Structures are given as C-alpha cells and as structure tokens.
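Undergrad: Submitted below is the structure of interest, expressed as structure tokens.
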Amino acid sequence: MMRPAMTKLAIALALLALAHGVRFGTFTASGSDSYGYVSEADLWLNGSLIIDQPLHDEFTWRWANLTLTPLGYRPGEIGGTMVPTYSPGLPLLMAAFKAVGGETAVYLVVPLLGALAVWLTYRLGLKCGGSDVAALASLALLVSPIFLTRSVWPMSDVPDMAWWLAAIVLAAEPSMPRSALAGGATAAAILTRPNLLPLALLVGVLNLVRSGSVRAGMPRAAVFTLAMLPGPIAVGILNTHLYGSPLDSGYGAVNTIYATSYFMTNVVRYPRWLIETQTPFILLALAAPVLLRRTGRLRESRLALFSVSFFAGVLLLYLWYTPYDDREYLRFLLPSLPVMLAAAAAAFGALAPSAPRARAAAFAAVAVFLVVWGVWQGRDAFRTRGYEARYRAAARMAAALPENTLILCNLHSGSIRYYANRMTLRFEWLAPDVYAAALEEMRKSGRPLFVVLDGSERDAFRARYSGVADLSWLDQPPTLIAAKSVFFYQLWPRASAR
C-alpha cells in the first residue's frame, strides 16, 4: 500500500484504540488508583486538596487517623485532615473534562490519550522508516497486552506514555514552536508521574541534537527548558504543601520507595515480562541502530539509538523501585514502549525483503502474529468493566444504609465514600492488637457498623483477626450481598440475614 493508505490505516488504528477504551473502560472510581485519580479531580474543582476527617477527634486507637483514611489518600500534615497520594497531572486533566462534559467525560481522558499515542507512534515510525514500518509500529502498540489492559482504567499509565511520546515526536523535528510544545508535553508528563523527571534530559538532548547545529540548537534547547520547568516546579510546590517537603510524595520519602535490595528482583522481572508480553519482536529494537546504520540511514539510526537509550532510562528508574509480583506492573515501562516498538519495526523493515510482494507478505505475517498474540495475552482487558462494576453495586447498597453508618472495609473504602457518602474505615491499618478496642469505640459511638468484604478479602480478614476476636459471624450468611461477590456483615445493631 502507498503512504496515503497507510496513513488512513494509522487513523483507523487510533480510532480503534479510542473505541476499545470507551467500550471496555471501567467508568468506575474503584479500588485505590481509579478512585484516587477520579476523586482528586473533584478536589481540584472544589479548590482544595486538603480534606477534613470528621471523626478524627472521636476515635483514639493507635493509627486511627490511618484507619479513617481511604485507599488513595494519606493523613495530612495538619491534624484531622487527609490528602491525596497521587500526582496532579491526570486529575487536573480529568477536572477540566468534567467541568466541560460532566462525570462521564472524566473517563474519556485515558481512551483519548491512548488513541493519540497510537497515532503518534505512527508519526515516530515515519521518522524511523517508511510508512509500512510506521503502520506496523502503531499496530504493535494497539495490540500490546499491557496497552490493552491499561487503556480501560482511569489511571496515569497511558496518559504518561502519551505525554512523553508527544514530547519525543516534537523534539525529533525541532523548530521554536515544536521545542516549546515538546517542553510543555514534558512538563505534563512530569506532572503525571514525577519520578520520571530525569527523562526530560534525554528529550532535551534529542531536541538539541536534531536541530542540526549547536548554533540552531541552543535557542531551541532554552525554549524547551523554559517550557518544561513549570512541571517540576509545580510538583515541588504541591509536595511541600501536601507532604511537607518538595522531595516527598504521596507514596512517602524517596528512601522508602527506592532501595538497592530491589535491584536483582526487578532486573529479572521486567525484561522477562517484556518478552513474554511483546514477544521477541521487541528485541529487534536493540539491533535497530546497527541495522539502520548499515543501510546508510544515519539519521534514522541515531533516532533508534535514542529510542533504546530512552528505554534504558525508564528501566533504570524502576530497577531500584519497590518490586511487585504481578506482570501488570510492566505498566511502569509504558512510556518507553512506543519508541521501542518503532525501533523494532524499523529493524524489521531493514531485514525484510525489498521486493514489494515479499515485503508486504512479511509485514502482514508479523502483523497477524502480533495481533493474535497480543489480544490473547491482553484478553483480561475485555472483562475488566464487568468485574469492576461490583464497586458501584456495593456503593448503591451502602447508600441505602443509615447516613451515620460506619463501614469497615478496605478495597471498597474509596468507592463507598465516593458514590454512597458513607464513612469508611480501612482494616488494613487496624492492627490486630487494637481490633477489639477499636470495635468497642465504634459501638459506643452509637453508629451502625457493617464489615464489607470483597470476595478476595474474607480469608485475609479471618486470618488477620481470628486470633484476637470471635469471628463466628463470618460463618453466617451475610446480611447483604452486592454483585454476588461483595459481602455486607452487620455487626450492630444485630439484624437477621436477608
């Protein structure tokens, strides 16, 4: 196909990414991350990120302030308050969408930026090779398992990837306006995920090198820097306001998040997960600088080298990061995935036959393989909306309870507050040795008490407290059941099961 046809194909792929995010998106403020981002958007619209804890002075057990704080939040520097733990980039964008389009618009941010990322991958692919290379790169991103699963959640993974990719595409062909826009996109990426701040140096170097000469590059580098600086400055100011230090975040101090002992675990997991999900096709990116140089395409070779360097930069920033034993945490490397896929597609283009029919057949075969593998590996994305619907169902049930009800829970601590406006307490922070005393304080408050457990939490709750309290009520039928998997146990006043 000629380039116009490939461009239409890339547009179609971007629209498919948008349709996927809308059709299978959760559209729910669930769990920790989704609730945290969506509820923080409301705080920005309300004009304050510091929230009063109404029961802070009433309960006195150890870590009561943490128990009263839902997932996605932490106690504030001011006593009796709580603050969000998540960075402001995505919530600010969600707030803007909500101000214009209402609640539903909040959940369109990630699908729209996912579609933009697929299109920008095509644009980057054009700089690394021909239109066939660019189309293969954008298709590879669309069907990437981690992209499919992350596109349906209202979380920062896909937005951060889109901002970094926009900065790279703009910096790869710099002019004064493009350098300013690249700096702005970098600022947005830093606001979205501040720990990736060092990547700004790589994008700045790309902007300088691609300018053609030092004389032309220095003014553009200055423009890029000035446009980028508001991002880290805003993060530092906000961190100081919420957490007491510009170097602290909602996740805690740097030394609590990073440790040298994490290195060996992460250096094994991330590369393995990358190959398992992306197939060995992704490894072609490592050979792209050499293969493109051998064909005399020096400019494309340097861009491929940048792509590999950018991937190395992202990987290095997570090798000492808190490890997770779940392949979905490959999402941390998403900012580097489009550039690696563009480089891999360029390397494949250099190896593919030059005869038109044979070349088209080779590209088609790889495309089919990537689609089949990616959709199968990422199939959980198509079930996520139904699975997450239980959070709204549980919140609707909680909303029918008396307004002064206390709800001891964990996974549902945010969503029940958000949709039902009922006070939740997180048993994650309720230590077993104070469990009995805390329940006695709740009973004396005169408020009804429910324990709400997700299906996956009942065994954990039993194991946590069975040695310090009578949990025979867990063996009885729940008082209420939402979505067949969220169980409401009424501890008092006592009620018969129904």
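Undergrad: Relative contact order, percent, of the chain when contacts are C-alpha pairs under 8 Å separated by at least 6 residues? Before the final figure, lay out each step's value.
TA: Working: 882 pairs, mean separation 93.3, N = 498.
The value is 19 percent.
Undergrad: Return the Rg/Rh ratio of region 301-394 with Cα-based radii and a Kirkwood Rh. Can you show the working numbers first?
TA: On the way: Rg = 18.2 Å, Rh = 16.4 Å.
My calculation puts Rg/Rh at 1.10.
Undergrad: Give, rounded to the nearest 20 debye, the magnitude of the charge dipole that the chain has about its Cα centre when Lys and Arg contribute +1 at Cβ and Asp and Glu contribute -1 at Cβ. Could you put the intermediate results ahead of the total?
TA: Numbers: 43 positive and 30 negative charges, 391 e Å.
For this selection, approximately 1880 debye.
Undergrad: As a test of the formula, what do you get for the chain when each DSSP H run with n ≥ 4 contributes -39,500 (n - 2.57) and the sum is divided by the residue count, at 222 nm and rounded to the nearest 500 deg cm²/dmol?
TA: On the way: 23 runs with 300 residues, N = 498.
Taking each H run of at least 4 residues, the total per residue is -19000 deg cm²/dmol.
Undergrad: Quick one: which of 126-138, 358-370, 393-405 comes out on top by average Cβ neighbours within 10 Å, and what's the full order, highest first? Walk me through the intermediate numbers first.
TA: On the way: 126-138: 24.8, 358-370: 14.8, 393-405: 17.1.
Going by the mean number of other Cβ atoms within 10 Å, highest first, we get 126-138, 393-405, 358-370.
Undergrad: Using the Cα centre of region 69-195 as the reference point, and only Cβ charges (+1 on K/R, -1 on D/E), how large is the resulting charge dipole? Debye, rounded to the nearest 20. Walk me through the numbers on the way to the answer.
TA: Values: 7 positive and 6 negative charges, 14 e Å.
Roughly 60 debye for region 69-195.
Undergrad: Based only on the alpha carbon positions, what is the Kirkwood hydrodynamic radius of the chain, in angstrom? Can you show the working numbers first?
TA: On the way: mean 1/r = 0.0410 Å⁻¹.
Hydrodynamic radius (Kirkwood, Cα only) of the chain equals 24.4 Å.
Undergrad: Please determine, in degrees from 0 to 90 and to the nearest 10, the orientation of helix 199-209 with respect to the longest principal axis defined by the Cα atoms of the chain, where the helix direction is its Cα long axis.
TA: Taking the Cα atoms of the chain, the angle to 199-209 is about 20 degrees.
Undergrad: Net charge near ALA365: determine it from the other residues with C-beta under 14 Å of the C-beta of ALA365, scoring Lys and Arg +1 and Asp and Glu -1. The partial results should precede the final answer.
TA: Numbers: positive: ARG357, ARG359; negative: ASP132.
My count for the surroundings of ALA365 gives +1.
Undergrad: Another question about this same structure. Could you order the peptides 291-302, 158-169, 416-427 from most to least packed, using the average number of other C-beta atoms within 10 Å per residue? Provide the component values of the computation, followed by the final result.
TA: Values: 291-302: 16.0, 158-169: 28.2, 416-427: 21.7.
My ranking of the peptides, most packed first, is 158-169, 416-427, 291-302.
Undergrad: Do you know the relative contact order of region 388-492, to the nearest whole percent, from alpha carbon pairs under 8 angstrom that are 6+ apart?
TA: Working: 154 pairs, mean separation 30.8, N = 105.
Relative contact order of region 388-492: 29 percent.
Undergrad: Now, a different point. How big is the gap, in Å, between the Cα center of region 343-419 and the Cα center of region 85-134?
TA: Distance between centres, Cα-based: 15 Å.
Undergrad: If you put +1 on each Lys and Arg Cβ and -1 on each Asp and Glu Cβ, how big is the dipole of region 377-498 around its Cα centre, in Debye rounded to 20? Walk me through the intermediate numbers first.
TA: Working: 18 positive and 12 negative charges, 108 e Å.
My answer is approximately 520 debye.
Undergrad: Next question, about the same structure. Please report the net charge: other residues with Cβ closer than 14 Å to the Cβ of ARG269, K and R +1, D and E -1.
TA: Working: positive: ARG272, ARG327, ARG331; negative: GLU276, ASP325, ASP326, GLU328.
Once positives and negatives cancel, what remains is -1.
Undergrad: Shifting gears a bit: Under a point spin-label approximation (7 Å from Cα along Cα-to-Cβ), what is the TRP63-VAL267 distance to one decimal in nm?
TA: So the two model labels end up 3.3 nm from each other.
Undergrad: May I pose another question? Would you please report the Å³ per residue occupied by the convex hull of the alpha carbon atoms in region 388-492?
TA: Working: hull volume 9.4 nm³, N = 105.
Per residue, the Cα convex hull of region 388-492 comes to 89 Å³.
Undergrad: What is the distance, in nm, between label points placed 7 Å from the Cα along the Cα-to-Cβ direction at PHE382 and at ILE275?
TA: Modelled inter-label distance: 2.8 nm.
Undergrad: I would also like to ask the following. If the cut-off is a Cα-Cα distance under 19 Å, which aspartates and glutamates reach LYS127, setting aside same-chain residues fewer than 8 apart in sequence?
TA: Within the straight-line limit of under 19 Å, LYS127 reaches these aspartates and glutamates: GLU173, GLU300.
Rule-based calculations on the coordinates, nothing more; no lab input. Everything numeric in this text was worked out from a predicted model, so none of it was measured. No Cβ is skipped: glycine too gets one built from the backbone with ideal geometry, and neighbour counts run over all protein chains shown.
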